[in-house]
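Q: Here it is, the structure, as structure tokens.
No lab work stands behind these numbers, since they all come straight from the coordinates. Note that the structure is predicted; figures quoted are calculated from it, not measured. Using ideal geometry, Cβ is built from the backbone for each residue, glycine included, and neighbour counts are taken over all protein chains shown.
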Amino acid sequence: MILAAGRGERMRPLTDRTPKPLLMAGGRSLIAWRLQALAQAGFARVVVNHAYLGAQIEASLGDGAAFGVEIVYSAEARALETAGGIVHALPLLGDAPFLVVNADIWTDYDFAALRRAGLADSDLAHLVLVDNPPQHTAGDFALTGRQVSCDAAPQLTFSGIGCYRPELFTGLVDGAPARLAPLLRTAMQRGRVGGEHYQGRWYDIGTALRLAELDAMLTAETGQGAAHGC
């Protein structure tokens, strides 16, 4: 699942008429980079949720054939936040563990490795953690071995990449906004969240400046700039 329902307030005015996942960097939209990486990792079916300007997302991505995947959409009348959006999409995700990734990140993380490894038998979630970026120096969680906790140091930042069992969302009501962090913290207290520390390239595209920096980096690597969308 790719989370693409956010309003992108900090990206305005770029997001006044364009949904954040469709902003361009290195000649492709942010969400197109994610779809390509998931297809290369062997994922065949991707659920994309949307709310703000969702029709543009569907028109741009279509059925996913151009990316080598099948895309199904989970439309939200209003953005339901991370956990609420996942709960709304559960009928499309099935009963097995599933991957969730934010649309507004860029990374060279190997999704194929996570697809092969999956979840430990006792875990409700597996989180990919990264070094704290300058805009989030306090971090989110700690990692000891392969266990993630919220009450120990040092702190790392949640990358927006995670694998979850549907059971993690038991008790939440479809259509009600809900955040993911409280669910994860409860599961951590039960010792049921695993994780890994990824030290490769990862960027949270939360501002227009960071988008421009990513575009410059990718343009230098690919020779394709963001001629459309930003």
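Q: Within the chain, what's the longest stretch lacking trypsin sites (Lys or Arg not before Pro) that sit in DSSP loops with no more than 14 other Cβ atoms inside 10 Å?
A: Result for the longest clean stretch: 79-145.
Q: For a footprinting-style exposure proxy, rank Val173, Val72, Val100, Val87 by other Cβ within 10 Å, fewest first.
A: Going from least to most buried by this count: Val173, Val72, Val100, Val87.
Q: Given axes a ≥ b ≥ c from the Cα gyration tensor, I'd like to know whether the range 72-230 is rounded (a/c under 1.5), prolate (a/b larger than b/c) or oblate.
A: Cα axes put the range 72-230 in the oblate bin.
Q: A further question on this structure: Set Lys and Arg Cβ to +1 and Asp and Glu Cβ to -1, take the dipole of the chain about its Cα centre, and tell me which of Ala83, Leu143, Pro177 lies farthest positive.
A: Going by the Cα projections, it comes out as Pro177.
Q: I've got another one for you. Could you give the size of the charge dipole of the chain about its Cα centre, using +1 on the Cβ of each K and R and -1 on the Cβ of each D and E, expressed in debye and rounded to the nearest 20?
A: Roughly 160 debye, rounded to the nearest 20.
Q: Rounded to the nearest Å, what's the spacing between the alpha carbon centres of the range 24-44 and the range 118-134? Just the number, please.
A: 21 Å
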